[in-house]
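Take a look at this one; I'll ask things after.
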Amino acid sequence: MTVEEFYKKINADYQDVIRRLANKQIVDRIVVKFKEDKTFNNLQEAMKQKDYKEAFRFVHTLKGTSANLGFSKLYKSTNILTESLRNNIYDHLEEEYKKVIKDYQEIITFLKDVK
């Protein structure tokens, strides 16, 4: 699967990302390397430890990356979790975090087929 086909699978706008980042080769390279990024793993560890200050830092980074790469579903879920952590609102934290996990895993699943 190509990077463009990957974007279709996740219902994201590949051409918009290329326009924003101004270079198709860079977009393709960054997207393929996304699965190697450790931010999500760090977020998982921080959430496991209930270190919400660190969790905020990692989810905020993941939110920015998602926005830049046009991963709109992941962006939305990370944005919700980011704001809860920023404002020390923990009532729905577990379900918000589970949504982030689901959206992240969907991207990783499709990325495994990108060549």
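The values are calculated or read from the model by the stated rules, or taken from the named source; none is laboratory data. Note that the coordinates shown come from a computational prediction; the quantities given were computed from them, not determined experimentally. Glycine also receives a Cβ, built like all others from the backbone with ideal geometry; neighbour counts cover every protein chain displayed.
Would you pick out the residues in segment 8-67 that are small (Gly, Ala, Ser) and closer than 20 Å to Leu81 by Cα?
Ala46, Ala55, Gly64, Ser66, Ala67
Starting from residues that are among the aliphatic types (A, V, I, L, M) and touching a residue at least 24 places away in the same chain (Cβ under 8 Å), keep the ones in segment 7-31 and report whichever is surrounded by the most Cβ atoms within 10 Å (Cβ to Cβ).
That would be Val27.
Further question: Are there any pairs with C-beta distances below 8 angstrom linking a residue in segment 32-52 that is in contact (Cβ under 8 Å) with a residue 12 or more places away in the chain to a residue that is of a type in the set (Gly, Ala, Ser) and surrounded by 14 or more Cβ atoms within 10 Å (Cβ to Cβ), with the two at least 6 apart or on different chains, and if so which?
Within 8 Å, the pairs are Leu43/Ala55; Ala46/Ala55; Met47/Ala55; Tyr52/Ala46.
Let me ask something additional. Going through segment 48-91 one residue at a time, which ones are touching a helix residue (DSSP H, G or I) at 6+ places or on another chain (Cβ under 7 Å), outside any helix (DSSP H, G or I) and not aromatic (Phe, Trp, Tyr)?
The answer is Gly70, and nothing else.
Going residue by residue through segment 81-101, is there one that turns out to be within 21 Å of Asn11 (Cα to Cα), surrounded by fewer than 16 Cβ atoms within 10 Å (Cβ to Cβ) and out of contact with any Ser or Thr (no Cβ under 7 Å at 6 or more places or on another chain)?
Looking through segment 81-101, at least one residue is within 21 Å of Asn11 (Cα to Cα), surrounded by fewer than 16 Cβ atoms within 10 Å (Cβ to Cβ) and out of contact with any Ser or Thr (no Cβ under 7 Å at 6 or more places or on another chain).
Also: State which residue is nearest to the chain's Cα centre (by Cα) when the search covers only segment 92-115 and only residues that are of a type in the set (D, E, K, R) and part of a helix (DSSP H, G or I).
Within segment 92-115, the match that is nearest to the chain's Cα centre (by Cα) is Asp103.
Considering only residues that are in contact with a Leu (Cβ under 7 Å, 6 or more places away or on another chain) and free of Cβ contacts under 8 Å to residues at least 24 places away in the same chain, look in segment 53-70 and name the one that is nearest to Asn88 (Cα to Cα).
Ranking the candidates gives Phe58 first.
Could you please find all residues in segment 86-115 being touching a Lys or Arg at 6+ places or on another chain (Cβ under 8 Å) and either over 27 Å from Glu4 (Cα atoms) or of a type in the set (Ser, Thr, Tyr) (or both)?
Selection gives nothing.
Val59: modelled with pLDDT under 95 and crowded, with 20+ Cβ neighbours inside 10 Å, yes or no?
Judged against the criteria, Val59 is not a match.
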